[in-house]
1. For n ≥ 4 DSSP H runs only, could you compute -39500 (n - 2.57) per run for the protein assembly as shown, divide by its residues and tell me the 222 nm figure to the nearest 500?
2. Using a 10 Å cut-off around each Cβ, can you sort B:126, A:13 from fewest to most neighbouring Cβ atoms?
3. Compute the acute angle (0 to 90°) between the alpha-carbon long axis of helix A:240-253 and the principal axis of greatest extent of the alpha-carbon atoms of chain A; round to the nearest 10°.
4. Name the most mobile residue of B:88, B:129, B:121, meaning the one with the largest mean-square fluctuation, in a Gaussian network model of chain B with Cα contacts below 10 Å.
5. Take every residue in peptide A:45-54, count the Cβ atoms of other chains within 10 Å of its Cβ, and give the average of those counts.
6. At 10 °C and 1.306 mPa s, grab the translational diffusion coefficient of segment A:34-134 from Stokes-Einstein with a Kirkwood Rh over Cα pairs, rounded to a whole number in µm² per second.
7. Looking only at B:17, B:61, B:125, which one moves most when chain B is put into a Gaussian network model with springs between Cα atoms under 10 Å?
8. Let me know the mean shielding of B:134-140 by other chains, meaning the per-residue number of their Cβ atoms within 10 Å of its Cβ.
């Protein structure tokens, strides 16, 4: 469907972008466009102005320093999959990105867009949550930083205020024997959206789980962490009892909807399956050392 | 409804410099098909799901129905019309013909452009890599077997033409 007219800006600095976003009546920032243009064409978003962020220098970098990996919000999924830093430190991210869209879509779609679109089914957010990611938000009054757990506020809703953009996703580098996985249920890997997804990061020490993060997508209004599942795992060997408790806690934490992809009941059941699959995978890797 | 002025777009399309005034809400696909009359690139789903509108931006596959024309300022766009060298078809085009990789033809432009993008990144893909490389391109005739074969043949043709150790350039 043809789009209705809107104004177009191509700012060259973050500050200029924030100013335009603060001043325009109904502005939308444009990154990869793979969600935004669909929403505009479907009249789900009716911008008076589109602010193309792609030409702001230094917003698409990926680098490691001071104990953090910083992913610029405009980094494409293709760049995430190619980045030596990411491949070295967090291979789960390229693994996850491989499920998303198609090669052409991954050349366009961005890490920041996948977060800011705030789809409950987005694949990167649960993985970022399992990795204790933080986000940097820029506005007219400077930057603020928050844990990603506070960023998602509902379907399509984030903590971004008027005149603010997401500039970085930051992930702490980690030491120790971390086992990280993302399990996704879908009909088809390419061009499909998760029916449900489960990311987990466990630090193993002497056969026990010393730290745990469990995060889910597509089963609640936002991606969620599951503290109950994490508590069930910490301090215990990865055996049936701890795993069953974590799985039950994960299923209990969901608030799924029924839609064309799946019923709420199915999503809830499948979250249990995905968490089990992730834990068994982690256990097998741990046992294989 | 805001009154919106057109902006000047400067880019390269199929090797030729282009300068046009464009309304901001025009997609790259609309610009190519309607303003430049390059109608080889097709509109099918309009939501990025089918790949029929695939073009190359600076050599990499992109979905032209989900880009604004103004987004390609300063960049190089290659469409299906830009692949042949004069009368000589691109090896991927020749292989689609020789292997029967075309049925109704509606997906073909996007398929071929995506395949050219794949082969420039990975000149000798396995069958699995070809399937992954074309995972965003749907053929409603379901002629995938011959499409995959065509990409394999194109890869062989391009390797035979390129001196050993040299980079394969379109």
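All of the numbers you see were taken from the coordinates with simple rules; none came from a lab. Predicted, not measured: the structure shown is a model, and the values here were computed from it. Backbone-built Cβ (ideal geometry, glycine too); neighbour counts: all protein chains shown.
1. Values: 15 runs with 145 residues, N = 459.
After summing the helix terms and dividing by the residues of the protein assembly as shown, the value is -9000 deg cm²/dmol.
2. Values: B:126 10, A:13 13.
Arranged by neighbour count, lowest to highest, B:126, A:13 become B:126, A:13.
3. Taking Cα atoms only, the helix is inclined about 30 degrees.
4. Ranking B:88, B:129, B:121 by mean-square fluctuation puts B:88 first.
5. On the way: counts 0, 1, 3, 3, 3, 5, 0, 5, 0, 2.
Mean partner shielding for this stretch: 2.
6. Working: Rh = 14.4 Å.
Value of D from the Cα-based Kirkwood radius: 111 µm²/s.
7. B:17
8. Details: counts 3, 10, 8, 5, 3, 0, 0.
Neighbouring Cβ atoms belonging to other protein chains average 4 per residue here.
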